[in-house]
1. What ranking of M59, M124 emerges when the number of other C-beta atoms within 10 Å of each C-beta is taken as an exposure proxy, fewest first?
2. Give me the net charge of D30's neighbourhood, meaning all other residues with Cβ under 11 Å from the Cβ of D30; Lys, Arg count +1, Asp, Glu -1.
3. Considering amide H positions built from the backbone, and no H for Pro or chain starts, which residues 5 or more places from G111, or on another chain, come under 5 Å of its amide H?
4. For V51, list long-range residues whose amide hydrogen, built 1.01 Å from N in the peptide plane, is under 5 Å from its own amide hydrogen.
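What follows is calculated from the coordinates using simple rules that are stated; it is not laboratory data. Bear in mind the structure is a predicted one, so any value in this text is a computation, not a measurement. All Cβ positions, glycine included, derive from the backbone under ideal geometry; neighbour counts span all protein chains shown.
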Amino acid sequence: MTKGIIISVSLLVLAIAVYVGKQWFPMCNDMELPGIQYQLGKGNETVSKPVVIRLEGKMKRSLLGRQHFEGRIEVSSEELSVPKHSRTLRLVFDDSRAIIDYRYFSDGQLGSYQYGTIYIDKDMNKFTILRFSEETASYKGEKNIGWSGENGIVISDPAATREEAVKLSNEITYPLFKRNFFE
């Protein structure tokens with residue numbers, strides 16, 4: 001009987017150690033992933049292209065369970081207007097979403113470039129990015145960044161087709177929007 005208790009306690013301690021290790025110790029995410037970039041809106045139903053998303057960094061959870069990513073996120077065929085030495089991100093996810101905001105110092109000036117909002121699943125292995133675009137505001141002619149469900153650009157991974165990408169975007173964002181937002 002004592003032997004059975006020792007084995008049970010040992011298995012319980014092992015299970016807790018595995019759980020804690022998966023939750024709070026960083027997972028190395030150095031990989032290249034195939035995804036799809038597509039555009040929303042009427043007349044854009046066929047606008048999509050394959051992209052490769054390169055992740056270099058570590059994803060972890062805090063002791064309170066919040067997801068964190070520190071590293072680089074690069075999308076093929078896109079050149080950022082951020083100095084190469086300043087492309088390391090520190091993302092803290094709130095409700096499985098974070099703003100991809102590059103902060104940098106260049107030519108004596110502090111700068112910021114917001115790429116978009118990233119949404120991840122609870123297992124941190126699927127994601128959707130709503131990519132911001134520059135638009136000219138009609139009231140002053142100033143450039144603003146933003147995203148619109150009418151014609152916004154979306155990047156989803158893993159996906160091989162637009163249909164898979166749309167389905168994944170809806171799956172990941174449904175808990176926040178409470179509806180299937182993407183078509």
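1. M124, M59
2. Around D30, the charge tally is +1.
3. Y104, F105, S106
4. G35, I36, Q37
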